[in-house]
Every structure is written in C-alpha cells, then in structure tokens.
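A short worksheet on the structure shown next.
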Amino acid sequence: MKQTRTRLIACLMAACMTGLNVPAAAISTQITAFAAAQTISENLKLEQDMTVSGDLVMDADVSLDLNGHTLTVEGDFNQKAGAVYIGKGTLHIKGDYINAKYLDGAGTGSLQMNYTDGKVIVDGSYFQWSSAISTLTYGEMYIGGDFEGSKASGEGGFDAWNDHTVIFTGDAVHKIYF
C-alpha cells in the first residue's frame, strides 16, 4: 500500500511539474499540496463569491474584476502581470500576496482600489516589485505580515493616497520596506 501511494505521489508530482492538468478527483486529500497552482490567463469578472483552494497565479496581461464579490485564496496569490480591480469587493488571501514575478524579478501587475467599500485582506505578507503602479485611492488593506512596496527600475510601485488605509493586524512586529 505504501509503495503504491509513493508511486502515485511521484506520478502526480511529475504531471504537475510538466504542466499537465490533473483532475482534482484524481488527487487524494493527503497529497493536495503537490497540485499545481491555479492560473488566471484570461480576463475574469466574478459573478459570485469564489474560493480558490491552494495558490493562485496571474501570469498574463489580463484583468481580474471582483465586481462587488469576495475572492478568497486559501494559499498565496502571485500576481506576475495584469490588473486586479477590487471595486466594492473583497480579496482575502490567506497566504502571501506577491505582486511580482517572485523569484524571476520584477512583474507588471497592478492593484487598483478606487472605492471606499473595497477591501484587501492579506493574512501573510504583501510584496510588490512591479513596473506598474498600484493605485490605491480608497478602501482598506489589512496585512498580517511584512510589507514591501518597492519600485522596479524606478517605475511603478505602491501609490496609496486620498482615503486609502493600510492596517497591520496581529501581534507580531511588522517589517516595512519601501
């Protein structure tokens, strides 16, 4: 039994690494951590609240519009490119929000918060290294971990002003970098 499960895990890991889509039904609850992240590669406008189990990656120059709904990401959200429009919705990330290409360097993603009812809740850390400007004029952003709002190549960055508020949550000491 143990040998069969080890082979299944190895096969699923190989399938994920080669980019094959493995149906969720084929993955037991004991090995869901090996599943590839879900990817947004075309424009998406929410029509209802949505939960993504695991990580979410946005790697194309597309838009994600919450359209007044709540998007919950139960892992990390890596926004390598594209624009996220919060509007009057809520984006809740239970891991880290990485607005960059992550290990590959600067990204081209932007976060847009232009309504007082909009909320971004990041239970982990927020990291932005993008050549695009994230315009945050209204709404609230809650960060449970560290914050880094760096610019890439002297352009882009975290542009919070007007009535936008960043609130650090939890009892831990937060590291803040610009």
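Any read-out appearing in this document is the output of simple, stated calculations on the displayed coordinates, not a laboratory observation. The model shown is predicted, which means the values in this text are computed figures rather than measured ones. All Cβ positions, even for glycine, are placed from backbone atoms using ideal geometry, and neighbour counts span all protein chains on display.
Observations
- Cα-Cα pairs of the stretch 55-137 separated by more than 15 Å (percent): 52
- For W161 and Q38, the difference between the fully extended length at 0.36 nm per residue and the C-alpha to C-alpha distance is 41.1 nm.
- Cα-based shape type of the stretch 46-96, given that a ≥ b ≥ c are square roots of the gyration tensor eigenvalues and the cut on a/c is 1.5: oblate
- Local electrostatic count, G75, Cβ distance below 14 Å [Lys/Arg +1, Asp/Glu -1]: -4
- Estimated vicinal HN-Hα couplings, Hz - the stretch 110-127 in sequence order (Karplus 6.51, -1.76, 1.60; Gly, Pro = x): 9, 10, 10, 10, 10, 10, 5, 7, x, 9, 10, 10, 10, 5, x, 9, 10, 10
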